[in-house]
Amino acid sequence: MSTFSSMHSPSYSHSFICSSSINEKKNQRFVFSSFPRFSVPANAKVFLQCQANSHQNAVLMQDGAVATKVSPVEKETPIEKLKSELLSVTSSNEWDEKAGFDINENESTVSITVVGASGDLAKKKIFPALFALYYEGCLPKHFTVYGYARSKMTDAELRNMVSKTLTCRIDKRENCGEKMEEFLKRCFYHSGQYDSEENFAQLDKKLKEHEGGKVSNRLFYLSIPPNIFIDAVKCASSSASSGNGWTRVIVEKPFGRDSDSSAALTKALKQYLTEDQIFRIDHYLGKELVENLSVLRFSNLIFEPLWSRQYIRNVQLIFSEDFGTEGRGGYFDHYGIIRDIMQNHLLQILALFAMETPVSLDAEDIRNEKVKVLRSMRPLQLEDVVIGQYKSHSKGGVTYPAYTDDKTVPKDSLTPTFAAAALFIDNARWDGVPFLMKAGKALHNKRAEIRVQFRHVPGNLYNRNFGTDLDQATNELVIRVQPDEAIYLKINNKVPGLGMRLDCSNLNLHYAARYSKEIPDAYERLLLDAIEGERRLFIRSDELDAAWSLFTPVLAELEEQKIMPEYYPYGSRGPVGAHYLAARYNVRWGDLGLDQSA
């Protein structure tokens, strides 16, 4: 069936475009730009009929009537052809019966297949995010959700499993229960092997039944271990991809373990998919405060002039969790904290923070600037890295386990659960400014934040009021990504009274106090972007290559030299070595003296 597009307007004076699927699914586009101007009511229907070797059948339907196909007249000019065709009409109902559809109807559908539907990620994040999008009215009118995994399960069992994880918004409406029931009715299950083209072909048959002949758009979310990515992509591509719409695949991290394995994974994926079909997801890029980074910087005049080495002394990217591996040690031990958090989450945030102003908000323009930042960075050196591993600790009568107490972790494991690193961007804007990263498990609190410490005020008249510790007088911009999202600026202020006593105060944007609406989960934003084809928060292959090139050499050294991690107690602030690393660059970690807004 031919597909087409038209502009709805009170009058038509230019082109009609249609594309027709012909041999090998290639599209031919025919444009008619010589039509005379004629008025058409806003509710008029327009239909263009195209054939592979001719484009003479342009027909206008107006006021409930349509023009039918007429035989071309020899030596007739295009204008004369159009006039003669406009004289022959039938009722719109008669044409709808012949054509089988109306252009005002939504004739496309989206099928979302969660591959690995029985896993924790699918149950805890993906299905709840899809329901939240449905609840907010963000999903297309026609959509179907399919779970695919090796486990034997019925549709009813999948719905029961999914229903336990669905929640409504804080600002929930009265029809929350009804929405849940409606969403679950659109959820189905198909059991199959990840490397079976036959099983994916059976899935394809079921998807077509639900699509009902509409234009089929298909999204596959690979919530499975990386070692079976390629098998699943190969089978989905060959046996279950869309025949007349788009097919996209979301690939969950990790994207390899180093430059070579990442390049091999990308090469294998591109045997079956184009780059535009691959959506490499890093859920931290979907966080509200990360999304707000470019808004904060590029839409506020007070920040952009300060965003350089001239005014910024250092930038800190801090990630901490107050729990250990908790049974996930087998997975974690293969990657470690540097690969799991720093090489992707924190580095992506750094690139967004440090990039130059993009030409536009188009995905490729933003990703181009991120790549420039990554390519300007020095590869990480061993002397600029501190690693640690948490050990057992007793507090308040409770004994917390060591990393190697996890039964899935080898007793002699040297895998770091903590890392701190100093990185540098060798370009005109950031030359000499240390970007310090810190990430760890089993620390004293749970947080993710960006801390921007500005330079001291030259010739500060009030230095004596702060004493010898000028860091107490340093302006600091803090962007707290999670939990309890906030943006605050630390400034110096006079305490009310007759004396001259200064105080460090916060100009605070606390999201929970300022906005009553619940902040969407990162997976909601990223799933919606994938459905809509918006790629700016997904990682491009050259971006991935540049990121791995920074970390691969130091990772190889750590493993080849079997560097011993520094042990730190469960629930502490991490290894002492992290403080020495910061002090080497005249930096004090901003999360140590927690301020009132922290």
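For a modelled paramagnetic label at Arg150, 7 Å from Cα along Cα-to-Cβ, the residues of segment 233-253 in reach, with backbone nitrogen under 19 Å, are 233-236, 252. Of the residues His334, His444, His345, the one with the largest accessible area comes first in the ranking His334, His444, His345, computed with a 1.4 Å probe on protein heavy atoms. Here r is the Cβ-Cβ distance between Glu181 and Tyr511 and R0 is 35 Å; the resulting FRET efficiency, rounded to 0.05, is 0.65. Applied to segment 120-125, the Karplus parametrisation 6.51 cos²θ - 1.76 cosθ + 1.60 on θ = phi - 60° returns per-residue 3J(HN,Hα) values of 5, 4, 4, 5, 8, 10 Hz, with x for Gly and Pro.
Nonpolar atom fraction for segment 108-252, defined as the carbon and sulfur part of the 1.4 Å probe accessible area, stands at 46 percent.
Considering only the other residues whose Cβ falls under 13 Å of the Cβ of Glu275, what net charge follows from Lys and Arg at +1 and Asp and Glu at -1? Net of charged neighbours comes to +2. For segment 300-360, the convex hull spanned by the alpha carbon atoms encloses 139 Å³ per residue. Here is the link list: Lys125/Lys206; Lys370/Lys391; Lys270/Lys370; Lys253/Lys411. Which ones come out longer than 32 Å on Cα distance? Flagged as over cut-off: Lys370/Lys391. Working from label points 7 Å from Cα in the Cα-to-Cβ sense, the Ala201 to Tyr580 distance is 6.3 nm.
In vacuo Debye scattering of segment 477-598, one point per C-alpha: log10 I(q)/I(0) at q = 0.10, 0.22 Å⁻¹? For segment 477-598, the Cα-only Debye profile gives -0.64, -1.22.
Rounded to the nearest whole Hz, the Karplus-based 3J(HN,Hα) values (6.51 cos²θ - 1.76 cosθ + 1.60, θ = phi - 60°) of segment 300-317 follow the sequence 10, 4, 6, 9, 4, x, 8, 7, 6, 4, 5, 10, 9, 8, 7, 10, 10, 10, with x at glycine and proline. Largest first, the residues Met437, Met500 sort by 1.4 Å accessible area into Met500, Met437. The phi-based Karplus calculation (6.51 cos²θ - 1.76 cosθ + 1.60; θ = phi - 60°) puts the 3J(HN,Hα) values of segment 407-412 at 5, 8, 10, x, 5, 9 Hz, whole numbers, x for Gly and Pro. A Cβ-based charge dipole, computed about the Cα centre of segment 108-252 with Lys and Arg at +1 and Asp and Glu at -1, lands at about 240 debye.
Taking amide hydrogens as placed 1.01 Å from N in the peptide plane, the amide H of Tyr146 sits under 5 Å from those of Ile112, Thr113, Val114, Phe188, each at least 5 positions away in sequence or on another chain. Of the whole protein surface, Lys206 contributes about 70 Å² of accessible area at a 1.4 Å probe radius. Computed extension length for Leu592-Ile491: 34.6 nm, one decimal, from 0.36 nm per residue of separation with the Cα-Cα distance subtracted. Above 21 Å, the calculated P(r) of segment 108-252 contains 40 percent of its Cα-Cα pairs.
Each of Ser239, Val115, Gly192 was placed along the dipole of segment 108-252 (beta-carbon charges, centred on the mean Cα), and the one lying farthest toward the positive end is Val115. When the Debye formula is applied to the Cα atoms of segment 129-195, each taken as the same point scatterer, what base-10 log of I(q)/I(0) results at q = 0.16, 0.20 Å⁻¹? Scattering profile of segment 129-195, log10 relative to I(0): -0.57, -0.82. Once both labels are positioned 7 Å from their Cα atoms along Cα-to-Cβ, the gap between Ala556 and Lys446 label points is 3.8 nm. Close amide H partners of Tyr568, meaning residues 5 or more places away or on another chain with modelled amide H under 5 Å apart, are Gln389, Tyr390, Lys391. Amide H to amide H, with H built 1.01 Å from N, Arg280 comes under 5 Å of Val251, Ile539, counting only residues 5 or more places away or on other chains. When the GluC sites (Glu not before Pro) in segment 470-578 are filtered for DSSP coil states and for at most 16 other beta-carbon atoms within 10 Å of their beta-carbon, the remaining sites are Glu518, Glu534.
The values are calculated or read from the model by the stated rules, or taken from the named source; none is laboratory data. As the structure is a prediction and not an experimental result, all values here were calculated from the model. Note: ideal-geometry Cβ built from the backbone for every residue, glycine included; neighbour counts use all protein chains shown. Heads up: the accessible areas ignore ligands, DNA and RNA and are worked out on the full protein's heavy atoms, side chains in. Shrake-Rupley method; radii C 1.70, N 1.55, O 1.52, S 1.80 Å.
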